[in-house]
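J.: I'd like to ask you about the structure that follows.
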Amino acid sequence: MAIFELEPMKHHVLICNGGTCMRHEGEEVTQAIRDEIRKQNADAYIHTTRTRCNGRCHDAAVVIVYPQGDWYGQMTPAAGTQLVQKLVEGEKLETHLFHECAGKSRSE
């Protein structure tokens, strides 16, 4: 998913593809997120990047959304689909959100 025009981009979704996340459906989460972005015609304003380990293996599979700085854990393909739907609506996927960079950790 190449992105040529950065101006319309609202969300950069970093999807962990480190070893532990990949053993916890990381590939399936990646594909579900990308499929839903296409389905929602949101390619212009939601961009994805696969990352290596994000250091939160006990929260696998991990997805981080910037510029908000929202960290989502224990993601499944269904949760990935829901995340994109929430982003399109301007909301957060509260059920999987465990940290907001602007706020306190929700898991500690």
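J.: Quick one: would you say TYR66 is more than 13 Å from the chain's Cα centre (by Cα) and under 21 Å from GLU7 (Cα atoms)?
T.: Considered against the rule, which asks whether it is more than 13 Å from the chain's Cα centre (by Cα) and under 21 Å from GLU7 (Cα atoms), TYR66 comes out as no.
J.: Right, here's the next one. What about ASN17, is it out of contact with any Asp or Glu (no Cβ under 9 Å at 6 or more places or on another chain) and touching a residue at least 24 places away in the same chain (Cβ under 8 Å)?
T.: no
J.: For segment 31-74, what are the residues that are aliphatic (A, V, I, L, M) and surrounded by fewer than 19 Cβ atoms within 10 Å (Cβ to Cβ)?
T.: Residues satisfying the conditions are ALA42, ALA44.
J.: Might you check whether a residue that is out of contact with any helix residue (DSSP H, G or I) (no Cβ under 6 Å at 6 or more places or on another chain), among the hydroxyl-bearing types (Ser, Thr, Tyr), at pLDDT below 95 and in a strand (DSSP E or B) occurs anywhere in segment 47-62?
T.: No, segment 47-62 contains no residue that is out of contact with any helix residue (DSSP H, G or I) (no Cβ under 6 Å at 6 or more places or on another chain), among the hydroxyl-bearing types (Ser, Thr, Tyr), at pLDDT below 95 and in a strand (DSSP E or B).
J.: If MET9 satisfies all but one of (1) modelled with pLDDT under 95; (2) part of a strand (DSSP E or B), what's the number of the condition it fails?
T.: In the conditions (1) modelled with pLDDT under 95; (2) part of a strand (DSSP E or B), MET9 misses (2) alone.
The values are calculated or read from the model by the stated rules, or taken from the named source; none is laboratory data. For clarity, every value in this text was computed on a predicted model and none was experimentally measured. Heads up, the Cβs are rebuilt from the backbone with ideal geometry, glycines too, and the neighbour counts pull from every protein chain shown.
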